[in-house]
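The values are calculated or read from the model by the stated rules, or taken from the named source; none is laboratory data. Remember, predicted model here, so these are calculated numbers, not experimental data. Note: ideal-geometry Cβ built from the backbone for every residue, glycine included; neighbour counts use all protein chains shown. Accessible surface is based on the protein model in full, side chains and every heavy atom, while ligands, DNA and RNA are left aside. Shrake-Rupley method; radii C 1.70, N 1.55, O 1.52, S 1.80 Å.
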Amino acid sequence: MSGSGQARKGAFSSGERLTEAALRCQRQLAENPQRPEPLLGLSLVALASGQHDAAVQMATAATTAAPAMGGAWVVLGQALRSAGRREDAQEAYQAAIRLDGMNPLAQMGLGELRLAEEPEEALRAYELALRRKPGMVGAHVGMGHALVGLGRNEEALARYEQALGFAPRTAEAEFAAAFVLVRLGRVEEAERRYRRALMLRPDFAAAWMNLGCLLRDEGREAYAEAALLRAVELRPDLIAGWLNLALLKRAQHLPHEAERILRRAFALDPENVDTQIAWCQFCAAEKDRAGAWDWLRWAEARDARPAEAANMRGILLHAEERFDQAVETFERAESLGSKSAASNCGNSLMDLGRTEAALQAHEHAVALDPLNAGARYNLAMAQLRLGSWEQGWENYEARWRFREVHRTPRLFRQPRWKGEPLEGRRILLHAEQGLGDAIQFCRYAERVAASGGHVILQVHEPVERLVRSLGVVPARKAEVARLGEEPPAFDVECPLMSLPAVFWTRVETVPWRGAYLNAEPELVAARRAEMEAWGLEGGRRDLRVGIAWAGNPRYKADARRSMKLAAWLPLLRVPGGVQWVSLQKGEAAEQLAQLPKDVRVEDGSSRDCDLAETAALVEVLDLVITTDTCIAHLAGAMGKPVWILLPHRADWRWMEGVETTPWYPTARLFRQRKAGDWAAVVDWVGARLSHRYLSS
């Protein structure tokens, strides 16, 4: 907004340079110092060049010279608002309205003032402006903004479309439409609208930034980075652009780059609370807890609207396992307006063992923000954990839009299979997460093949040879491909972990006809000979027990589920004839060398080239005891007795409060009764082992 029609007449045309306009207005003032039009013109020139105090001074002079001129009061309101004097600006707009109750520019100015904190009042002001001037594009756009603030996104989009109907080449309206389309989950349309806004106005820094954020959330990181860099190139003072660029660098595991960018954002405005919260998040991600708390306290001391600071405080408390305090803090953050706090609160409630309350919190979070992928994913975790699989599998599909699960989602031009008859088509079933997940869900290949198609199972290299033992592979109803390589030609695709949703899997309908993965006979023979070579005592065959105590250290919750081998010593010293065999791989296997001399555990797997070799060793064992690792899935899929040691809050697939699992009928679950208390679990397993296998 640049003033009323009266003010514009005496000011400057859109094509006129500011210097030329200022000189012209000064000449007019020299001829008549009391003429208001050149005073308003100078005020508008000052506004356009960022000289807010000068703009206020000139506009005030204009209202003194012509107190009955409504346009002068409108320009004064604009100048005062730009100078940060909101209450004075409101009085100026109201002065214009007293002169002309339906002054549309004054009403629009009031709407802009009230937009952030009083969207209902802003909406009424814009409506009054449009009664006088229905084709006022700025009022339509402002009305859309107010509707967004009230959560009425569909109405907001309609209002932006009305604005574009009056002025089809309005970049700001295209930008606003794109913003609300993202909120409505219509991402492809939003991208097109952002690009149209940029076509209309190539120097639109905010549009470049929002496009970059959209592309980042879609996993198109190279394009996202280019867009964000363009935003800060156009507007080096755009703090939000730098913060989003830092977030992208964090996601790319480039912490030094992220830190460099955060320093630049901080230098622009050390008092900016968003920057301080971003620093807090960065320190938390880098395990610098003390630094995170320092940045948070600084933010809290400066934040007039502390919702996100409170939410971040809850996150830090949760990370320190102070769950009761975290719940209270998240509840406060939600009351202050944080949309993500409700879902975070659900996670803390789950860690407290308050599962029903956690489920309600996650349901509430989704009701507040139905398109939030993180909230829906957390709800799915709670539903699956509690056995509500009908809703849980459907909500679990939100993982593809949740960057903490899939930073760069895999995209295909072929359509996603939804369970329709395949009628001879070739279907790619592809692994997406860990080795254990691939083992757990590859069982569905048989059901997919029964739908009338040819299956291509694309899995990680360590399980590729193992998966060839699935019955559908030797039956030539399926073939196996390696993840990371170009798969054979296919017509449709489906992630392995989406198959339970396709087949509407319930607790009572988990596919299980018996062991579905097997070891190669030649490898089994070699393993049996190796086992015999380790020695017998007095001609008696000892109980052969395989153990694994640690999973993939890159898994974010690994510290919870994995153990140190030293914690197993009470179990390894259980009296009786046990031949202990390590199934452990990776760095954790090095802990075998640190065992005391009175404890003997054979290293059976640290040098295995893949899980097919490990499967051959599992085949000659009597029992497997493991934490939540791929070894648990391997033994379960082979139908071997397996005891799985679980943390107090185990992974969702092991559910809650049960000692068995429908996924692997030969498995028994041993859960921590108290968070972090592995000693009690080890004692429990030792007692069960002695009673069941060693007592006779």
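Give the ranking of Arg302, Arg263 by solvent-accessible surface, highest area first, calculated with a 1.4 Å probe.
Sorted descending by solvent-accessible area, the residues read Arg263, Arg302.
Taking the 0 to 90 degree range and rounding to the nearest ten, how far is the long axis of helix 355-368 tilted relative to the main principal axis of the chain, both from C-alpha atoms?
Between the helix axis and the principal axis of the chain, the angle is about 30 degrees.
For labels at Arg98 and Arg573 in the simple 7 Å Cα→Cβ model, what's the distance in nm?
9.0 nm
Using θ = phi - 60° and the Karplus relation 6.51 cos²θ - 1.76 cosθ + 1.60, list the HN-Hα couplings for region 633-640 in order, rounded to whole Hz, with x at every Gly or Pro.
The phi angles translate into 5, 4, 4, x, 5, 8, x, 8 Hz.
Under 5 Å between amide H atoms, partner at least 5 residues away or on a different chain: which partners does Ile625 have, H built in plane at 1.01 Å?
Gly546, Ile547, Ala548, Trp643
Between Arg322 and Asp274, 0.36 nm times their residue separation minus their Cα-Cα distance comes to what?
Gain on extension, Arg322 to Asp274, equals 14.8 nm.
Could you tell me the distance between the Cα centroids of region 407-459 and region 586-651, to the nearest Å?
If we compute the Cα centre of each part, the gap is 28 Å.
Let's test the formula: R0 of 22 Å, r as the Cβ-Cβ distance of Cys609 and Arg410. What FRET efficiency results, to the nearest 0.05?
0.25
At a Förster distance of 41 Å, what's the computed FRET efficiency of Glu532 paired with Glu286, Cβ-Cβ distance as r, to 0.05?
0.25
Which ³J(HN,Hα) values in Hz, rounded to whole numbers, follow from the phi angles of region 122-127 under the Karplus curve 6.51 cos²θ - 1.76 cosθ + 1.60, where θ = phi - 60° and Gly and Pro get x?
My calculation for region 122-127 gives 4, 4, 5, 5, 5, 4 Hz in order.
Taking Cα centroids, how far is region 356-397 from region 219-285 in Å?
Region 356-397 and region 219-285 have Cα centres separated by 30 Å.
Using the alpha-carbon atoms, what tilt in degrees (0 to 90, nearest 10) does helix 205-217 show relative to the longest principal axis of the chain?
Computed tilt is about 10 degrees.
Quick one: ranking Lys564, Lys556, Lys640 by accessible area, 1.4 Å probe, largest first, what do you get?
So the residues, ranked largest to smallest area, are Lys556, Lys564, Lys640.
Taking the DSSP beta bridges in region 487-635 as the whole, what percent of them are antiparallel, to the nearest 5?
10 percent
So what's the projected area for region 417-531, the Cα convex hull averaged over all directions, in nm²?
Averaged projected hull area, Cα only: 8.1 nm².
Taking the mean number of other Cβ atoms within 10 Å as a proxy for protection, how do you rank 189-195, 247-253 from highest to lowest?
Taking the mean over residues of other Cβ atoms within 10 Å, the ranking is 189-195, 247-253.
Would you mind calculating the gained length between Arg425 and Glu656 on full extension (0.36 nm times residue separation, minus the Cα-Cα distance), in nm to one decimal?
Difference between extended and current length: 79.2 nm.
Using 0.36 nm times the number of residues separating Glu257 and Glu188, minus their current alpha carbon distance, what extension gain do you get?
21.9 nm
Which value at 222 nm does the chain reach when only helices count, each DSSP H run of 4 or more adding -39,500 (n - 2.57), with the total divided by all residues and rounded to the nearest 500 deg cm²/dmol?
Counting only the DSSP helices, I get -16500 deg cm²/dmol.
Rounded, prolate or oblate: pick one for region 523-638, where a ≥ b ≥ c are the square roots of the eigenvalues of its C-alpha gyration tensor, a/c under 1.5 means rounded, and failing that, prolate if a/b is larger than b/c, else oblate.
Here region 523-638 falls in the oblate category.
Rounded to the nearest 5, what % of DSSP beta bridges with both residues in region 559-696 are antiparallel?
The antiparallel proportion sits near 0 percent.
Rounded to the nearest 10 Å², what accessible area does Trp534 show when all protein chains are kept and the probe is 1.4 Å?
Number for this one is 50 Å².
Leaving out ligands and nucleic acids, note down the accessible area per residue over region 570-696 with a 1.4 angstrom probe, in whole Å².
For region 570-696, the solvent-accessible area averages 40 Å² per residue.
Taking amide H positions as placed 1.01 Å from N in the peptide plane, with prolines and chain starts having none, which residues 5 or more places from Glu479, or on another chain, fall under 5 Å of its amide H?
Amide H to amide H, under 5 Å and 5 or more residues apart or across chains, Glu479 pairs with Val455, Ile456, Leu457.
Could you tell me what percent of the DSSP beta bridges with both partners in the chain are antiparallel, to the nearest 5?
5 percent
Under a 5 Å amide H to amide H cut-off, with H placed in plane at 1.01 Å, what residues pair with Val578 once short-range neighbours are removed?
Those lying under 5 Å, H to H, from Val578 are Leu543.
Which of these values of Cα extents along the principal axes in Å was calculated from the structure shown: (1) 120, 56, 40; (2) 83, 77, 60; (3) 80, 68, 48?
The listed entry that was calculated here is (1).
Where does each of 359-368, 435-444 land if you order them by average Cβ count within 10 Å, highest first?
Descending mean neighbour count gives 435-444, 359-368.
If I model a spin label as a point 7 Å beyond the Cα along the Cα-Cβ vector, how far apart are those points for Glu522 and Asp558 in nm?
Calculated label separation equals 3.3 nm.
Quick check: the angle from helix 52-65's long axis to the longest principal axis of the chain, C-alpha only, nearest 10 degrees?
Compared with the principal axis, the helix lies near 30 degrees.
Extending each Cα 7 Å along its Cβ direction at Gln57 and Asp683, get the distance between those two points in nm, one decimal.
Rounded to a tenth, the inter-label distance reads 8.2 nm.
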